[in-house]
Amino acid sequence: MMTTTMMSMSSMTMGTRRQGRPSSPSSVVVAAAAMTMRARRGGGFRVVKAAAGADADADAEEEDKFLGRKGKRTGDEVSKYAEKEAETLRAGAGMQYEFGKPQAPQETWEPFAREARVGLVREYAKGAGADVVAASLHICVEDDAYESRTSVCLPREAYIKRMDKLVNEFMQRDMSYMSEKDKLDGDKVIAAVERYLFEEQQYRPPTGWREAFSPYRTYFHNVIAQKVGIPATLAAIYIGFLERLKAKGGLACGDVSVLLRVRRGADPTPRRPWGIKAGDAVPEGSVVCTSDMVVRQQLMALKRAFWPWEWDDSRDSGFLLAVESAAYGKDDRMNTAAGVVGIIQPTGRPFGDLKMATLVTERLAELDGGVGYEARDMGVLLYHGGYRADALRTLAAFQQWKATARLTSTIVEISDTNTTVATQSPDFAWVAGDPVLAARLALREDEALAKVVVELNRDALEHQFADV
């Protein structure tokens, strides 16, 4: 009997071992705990609910209280999370979002842009007597409001004060050591001003070609703060400096003309502006800058920077590729607008921006009275932006203006009075290169533009009959 019992216990033990089960009570407890933990896996500390009854409700309530792997419960810091969420909602109240970027409502930033546009047109209408600093800052304010959708206007007064500070420092430190005779010598005053601006303050043009065509090196508020800018913006600082110096009585030597080099050939290296006494002979290869001229040059530089297509430096225009992509873009996706991607092109441009290019070209066209080649460029930009009705009106007005305008600018002398007739410049104007090639490129522009206008007219007629 005893032998039979021992054999039974031995066989049970061997069977248990063959099944891989633990033989000791402590091992059984460990295995049960492991099975329980495996049941609880799958999402951090998620608890497996009981089959039914009060245990299921208790488990569900327990599950709702767990917060991730740290094991915190909702009741521990509920007030902290609630306050943070409320603060986030308050900060984002009234904000608009585009691709994850918070923006102020249009009624908040649009008045800044509208006021800046009015101020720019008003200053530009003054011609050479315009306040170049104020006009340049109007450009900065409008672009900052439009691009950043900010609820805070760019502090233009702060940058005007910086200009005033430069003039006050120059008069107190540099001019105070000049004799009365030297103050009457225009050459010495010019040398002192340029030494202060370009040597002591270290204002300088950019060196690399990317910086030379960068909007960051064009906007007045960036240049006066960072002290690196394109020649047109440096000329604006120079002219604004001289205007304030004259208003404070620091130009007893007479007026000073600010010059810029006229780029010739294939040398795009920017040069800083320099001054000469008013009335002196202008050196060959340079031009006298006025306030309105410098403002327009800044806008042209921004247009050149933001233009989404390749820019032809020999003709100083990027219209050809833009209008041909509009006319023949259905056959080739390259150089056409594609939603948020922008302009699809083989090589790309470092600062190309269709919306900003349209905004800058719109201002240039407005300064020209809404007619001319800037209006033509704006029309093709509107086409690529999807504003087909506006593009049709703009391009049709340009063709009408072109058909009635003269090709050359003439001066008619009547009774010893010179009257300048505002006329159109030739289509095939060029800066460098072969003039015959430039004329052929202008012919390609006309053909592509005519095709775009025909397409827009056809679309307008189709919509008109569809509404009927």
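The values are calculated or read from the model by the stated rules, or taken from the named source; none is laboratory data. Every value quoted in this text rests on a predicted model; they were computed, and no experiment measured them. Neighbour counts run over all protein chains shown; Cβ positions are idealised from the backbone, glycine included. Heavy atoms of the whole protein, side chains included, go into the accessibility calculation; ligands, DNA and RNA do not. Shrake-Rupley method; radii C 1.70, N 1.55, O 1.52, S 1.80 Å.
When segment 114-167 is filtered for residues that are within 27 Å of ALA252 (Cβ to Cβ) and free of Cβ contacts under 8 Å to residues at least 40 places away in the same chain, the ones remaining, listed by number, are ALA134, ILE160, LYS161, LYS165. Report whether or not VAL228 is in contact with a helix residue (DSSP H, G or I) (Cβ under 9 Å, 6 or more places away or on another chain) and crowded, with 21+ Cβ neighbours inside 10 Å. It is false that VAL228 is in contact with a helix residue (DSSP H, G or I) (Cβ under 9 Å, 6 or more places away or on another chain) and crowded, with 21+ Cβ neighbours inside 10 Å. Being assigned by the TED database to the domain that holds GLU447 and modelled with pLDDT under 90 narrows it down to one of GLY379, GLY385, GLY352, GLY370, so name that one. Result of the check over GLY379, GLY385, GLY352, GLY370: GLY352.
Among the candidates VAL436, VAL412, VAL431, single out the residue that is assigned to a strand (DSSP E or B) and modelled with pLDDT under 85.
Numbers: VAL436 fails: assigned to a strand (DSSP E or B); VAL431 fails: assigned to a strand (DSSP E or B).
Matching residue, one of VAL436, VAL412, VAL431: VAL412.
Scanning segment 204-221 for residues that are in contact (Cβ under 8 Å) with a residue 40 or more places away in the chain and surrounded by 15 or more Cβ atoms within 10 Å (Cβ to Cβ) turns up ARG204, PRO205, PRO206, ALA212, PHE213, SER214, PRO215, THR218, TYR219, PHE220, HIS221.
Is there a residue being in a loop (DSSP other than H, G, I, E, B) and more than 12 Å from HIS221 (Cβ to Cβ) anywhere in segment 161-177?
Going residue by residue through segment 161-177, those that are in a loop (DSSP other than H, G, I, E, B) are none.
No, there is no match, as no residue in segment 161-177 is in a loop (DSSP other than H, G, I, E, B) and more than 12 Å from HIS221 (Cβ to Cβ).
Is at least one residue of segment 262-272 of a type in the set (Ser, Thr, Tyr), open to solvent by 30 Å² or more (accessible area, probe 1.4 Å), touching a Ser or Thr at 6+ places or on another chain (Cβ under 9 Å) and at negative phi? The answer is yes; a qualifying residue exists. The set of residues in segment 307-325 that are open to solvent by 10 Å² or more (accessible area, probe 1.4 Å) and within 18 Å of the chain's Cα centre (by Cα) comprises GLU310, TRP311.
Please go through segment 456-467 and pick out each residue that is more than 17 Å from PHE319 (Cβ to Cβ) and touching a residue at least 12 places away in the same chain (Cβ under 8 Å). Steps first, please.
So in segment 456-467, the residues more than 17 Å from PHE319 (Cβ to Cβ) come out as 457-467.
Selection gives ASN457, ASP459, ALA460.
May I ask you to say which residue of ASP280, ASP267, ASP316 is at pLDDT below 95 and within 22 Å of ARG363 (Cα to Cα)?
Working: ASP280 fails: within 22 Å of ARG363 (Cα to Cα); ASP267 fails: within 22 Å of ARG363 (Cα to Cα).
Selected residue: ASP316, the only one of ASP280, ASP267, ASP316 that is at pLDDT below 95 and within 22 Å of ARG363 (Cα to Cα).
A count restricted to segment 371-381 and to residues that are surrounded by fewer than 24 Cβ atoms within 10 Å (Cβ to Cβ), aliphatic (A, V, I, L, M) and part of a helix (DSSP H, G or I) stands at 1.
Go through segment 228-317 and tell me which strands (runs of 3 or more DSSP E), entirely inside it, have 1 or more residues that are free of Cβ contacts under 8 Å to residues at least 40 places away in the same chain.
Working: elements: 256-261, 274-277, 286-289.
Those strands (runs of 3 or more DSSP E) span 256-261, 286-289.
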